[in-house]
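In what follows, a structure is listed as structure tokens, so that the remarks can point back to it.
The values are calculated or read from the model by the stated rules, or taken from the named source; none is laboratory data. Source: prediction; values computed, not measured. Cβ: placed from backbone, ideal geometry, glycine included. Neighbour counts: every protein chain shown. Quick note on the areas: whole protein, heavy atoms, side chains included, nothing else; ligands and nucleic acids left out. Shrake-Rupley method; radii C 1.70, N 1.55, O 1.52, S 1.80 Å.
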Amino acid sequence: MASEKLSAEYRVFHKDIGDWDANIEVYGPNPSTSRGRMSSRLTCGDKWLVSDYQADSGFSGHGMWTWDPAKKQYVGVWADNMMTFLAPGEGEWDPSTRTMTFRYEANVGGKTMRWRQTTTTVDDNTLVFRSFVPEDAPKEMMKVTYRRRATLPSSRWS
């Protein structure tokens, strides 16, 4: 299916395609900073955004998101090397603030854990991700600023 035939809900993901450098700030009792890299692409008829993330700290993760027309919202899953469970989430896109907000819920050790994540598209080359744990926390526990990596022009010699 050609991208131009997809609804606007699916086309929201086009802004996220590419390779990104990440500057990570973790807040709380043990604040830290680190760097990482994310690579995002569309797959499955351009209906799914798949992102792979690797930090210099050794943290790595993998996410998949799409639009669910039956639910009339975005859905997705996240998994990483710090989790032993799959984290499903549901989200919404706010075009006025250019912010995607996802709420996740998972059973962790017999207890329900809920958290919220926002990704704001600042411009074509900058994304700001924030994670709030618990879901209704007024301040983020983590902030990641992504900057798009420059792509080299293709060459017939490569």
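Per the 1.4 Å probe, what fraction of the accessible area of the range 95-156, in percent, lies on carbon and sulfur atoms?
Solvent-exposed carbon and sulfur of the range 95-156 make up 51 percent of the total.
Taking the Cβ of GLY63 as the center, what net charge do the other residues with Cβ under 13 Å away carry, scoring Lys and Arg +1 and Asp and Glu -1?
Values: positive: ARG41; negative: ASP16, ASP52, ASP80.
Around GLY63, the charge tally is -2.
How far apart, in nanometres, would the label points at ASP19 and THR97 be if each is projected 7 angstrom from Cα along the Cα-to-Cβ direction?
Taking the two extended label points, one gets 3.3 nm.
Only four residue types carry charge here, +1 at the Cβ of Lys and Arg and -1 at the Cβ of Asp and Glu. Report the dipole size of the chain about the Cα centre in Debye, rounded to the nearest 20.
160 debye
What is the mean projected area of the alpha carbon convex hull for the range 63-106, to one decimal in square nanometres?
3.5 nm²
At 0.36 nm per residue, and after removing the present C-alpha to C-alpha distance, how many nm does the segment from LEU86 to LYS111 gain when stretched out fully?
7.6 nm
Would you compute, for the Cα atoms of the range 1-140, the largest minus smallest coordinate along each principal axis and list the three values in descending order, in whole Å?
Extents along the principal axes: 48, 33, 29 Å.
So with the 1.4 Å probe, I'd like the accessible area per residue for the chain, rounded to whole Å². Walk me through the intermediate numbers first.
Working: 9630 Å² over 158 residues.
For the chain, the solvent-accessible area averages 61 Å² per residue.
Just the number, please: carbon plus sulfur as a percent of the accessible area of the range 26-70, 1.4 Å probe, no ligands or DNA/RNA counted.
Its accessible area is 56 percent carbon and sulfur atoms.
Let's test the formula: R0 of 30 Å, r as the Cβ-Cβ distance of ALA79 and LYS5. What FRET efficiency results, to the nearest 0.05?
Computed FRET efficiency for ALA79 and LYS5 comes out at 0.45.
Run the helix sum for the chain: -39,500 (n - 2.57) per DSSP H stretch of 4+ residues, divided by residue count, reported at 222 nm to the nearest 500 deg cm²/dmol.
-500 deg cm²/dmol
Give me the distance in nm between label points sitting 7 Å out from Cα along the Cα-to-Cβ direction at MET64 and VAL122, one decimal.
With each label placed 7 Å out from Cα toward Cβ, I get 3.1 nm.
Along the charge dipole of the chain, pointing to its positive end and built from +1/-1 on Cβ of Lys, Arg, Asp and Glu, which listed residue (MET38, PHE102, ASN81) has its Cα farthest out?
MET38
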